[in-house]
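The values are calculated or read from the model by the stated rules, or taken from the named source; none is laboratory data. Just so it is clear, the structure is predicted and the values come from calculations on it, not from any experiment. Heads up, the Cβs are rebuilt from the backbone with ideal geometry, glycines too, and the neighbour counts pull from every protein chain shown. Surface areas here come from the heavy atoms of the whole protein model, side chains and all, with no ligands, DNA or RNA. Shrake-Rupley method; radii C 1.70, N 1.55, O 1.52, S 1.80 Å.
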Amino acid sequence: MSKGDPAKRKNGLTYAEAGVDIDAGNLMVEKIKPLVRATRRPGADGEIGGFGGLFDLRAAGFTDPVLVAANDGVGTKLKIAIDSGKHDTIGIDLVAMCVNDIVVQGAEPLFFLDYFATGKLDPEQGAAIVGGIAEGCRQAGCALIGGETAEMPGMYHDKDYDLAGFAVGAAERGQLLPTDDIVEGDVLLGLSSSGLHSNGFSLVRRIVAASGLAWSDPAPFNEELSLAEALLEPTRIYVKSILKAIRNTHGIKALAHITGGGFPENIPRVLPKDFSAELDLEAIDVPPVFSWLAKTGGVAPEE
């Protein structure tokens, strides 16, 4: 063999030197195991760590179910969490955006999986994020049965990370919404939000930047909280109250999850094509955060 033969040269590179810390990943898994365990429910009682999560529909009480699946992210609301270092509620948003999509179809969210990608894994930060995801699952009554943590140096800058979520629910056949008996004169009810939920934060961040305020400054519309804390108010999870109303009243014909596109784009999605909804905007109690953003950014009502 020649002196420069690759077979004789020592390759000194390691996975850790490439920027991936296996030990940090294992530590995070140990930190989140009790969080995941706290989300167990009928149909899901396994530990994380397998190659796939299991769910038993029969044990959950279903006889002839139709599955309903949804996936979503948190959008640029993540940047406020990253910039302010507050990571414990953003996971609630992740769950909410998925399970609220499922429940408006009359289905019960059953289980959830998350995808967490970062440039440099911080086990404490990761555990805080998953803690929020677990809390969201508890609020929705669904089990966190698995997920993926990806450490991807070179893909994400500094402390940046991204989240995606995947939820599956079920309803007995014939009980999905909307129903086919919507008629003229049916009453439209609005359920209050907890704030901005996880929509419009690219515009929100532009308005905050133009205002000159720092994330640590008191929120002008709620001075008991910092601006970051106020804007990170997690998305309300409507699952348990809506399921109770559906099952106890049998009077709900359709539900719409108001996300990107607001009223004009989301309400028509659940109405027959020849129907439209009439809204009395004067009857809506607008949370102060919307009024402050509109005034500060000169945002038109349609926006």
- Working only within the range 31-66, note down all residues that are modelled with pLDDT of 90 or more, open to solvent by 80 Å² or more (accessible area, probe 1.4 Å) and charged (D, E, K, R). Arg37, Arg40, Arg58
- Query: Taking the range 276-303 on its own, how many of its residues are assigned to a loop (DSSP other than H, G, I, E, B) and under 14 Å from Leu231 (Cα atoms)?
  - Reply: 1
- Residue hits (the range 147-162; open to solvent by 90 Å² or more (accessible area, probe 1.4 Å) and farther than 20 Å from Asp72 by Cβ) are Met155, His157, Asp158, Lys159
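Every residue in the range 228-284 that is polar (S, T, N, Q) and under 16 Å from Val187 (Cβ atoms), please. Quick ask: steps written out before the conclusion?
Step one: list which residues in the range 228-284 are polar (S, T, N, Q), which gives 235, 241, 248-249, 259, 266, 276.
The answer is Thr249, Ser276.
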- Task: Taking only the range 288-303 into account, find how many residues are of a type outside the set (Gly, Ala, Ser) and loosely packed, with under 11 Cβ neighbours inside 10 Å.
- Result: 2
- Scan the range 260-275 residue by residue and report those that are more than 27 Å from the chain's Cα centre (by Cα) and either surrounded by 10 or more Cβ atoms within 10 Å (Cβ to Cβ) or in contact (Cβ under 8 Å) with a residue 24 or more places away in the chain (or both). Pro272, Phe275
- Message: For the range 163-211: of the residues being out of contact with any helix residue (DSSP H, G or I) (no Cβ under 9 Å at 6 or more places or on another chain), over 23 Å from Glu108 (Cα atoms) and without any contact (Cβ under 8 Å) to a residue 40 or more places away in the chain, which is most open to solvent (accessible area, probe 1.4 Å)?
- Response: Val187
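Do you know which of the residues in the range 13-28 that are open to solvent by 40 Å² or more (accessible area, probe 1.4 Å) and touching a residue at least 24 places away in the same chain (Cβ under 8 Å) is farthest from Pro109 (Cα to Cα)?
Ala18
Given the criterion in contact (Cβ under 8 Å) with a residue 40 or more places away in the chain and under 14 Å from Ala167 (Cα atoms), identify the matching residue among Ala69, Ala60.
Exactly one residue qualifies, and that residue is Ala69.
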- Task: Tally the residues that are in contact (Cβ under 8 Å) with a residue 24 or more places away in the chain, open to solvent by 50 Å² or more (accessible area, probe 1.4 Å) and not in a loop (DSSP other than H, G, I, E, B), restricting the search to the range 242-259.
- Result: 0
- If only one of Ala117, Ala107 is of a type in the set (A, V, I, L, M) and surrounded by fewer than 21 Cβ atoms within 10 Å (Cβ to Cβ), which one is it? Ala117
- Scope the range 212-232; condition part of a loop (DSSP other than H, G, I, E, B), under 18 Å from Ala81 (Cβ atoms) and without any contact (Cβ under 8 Å) to a residue 40 or more places away in the chain; matching residues: Leu213, Ala214, Asp217
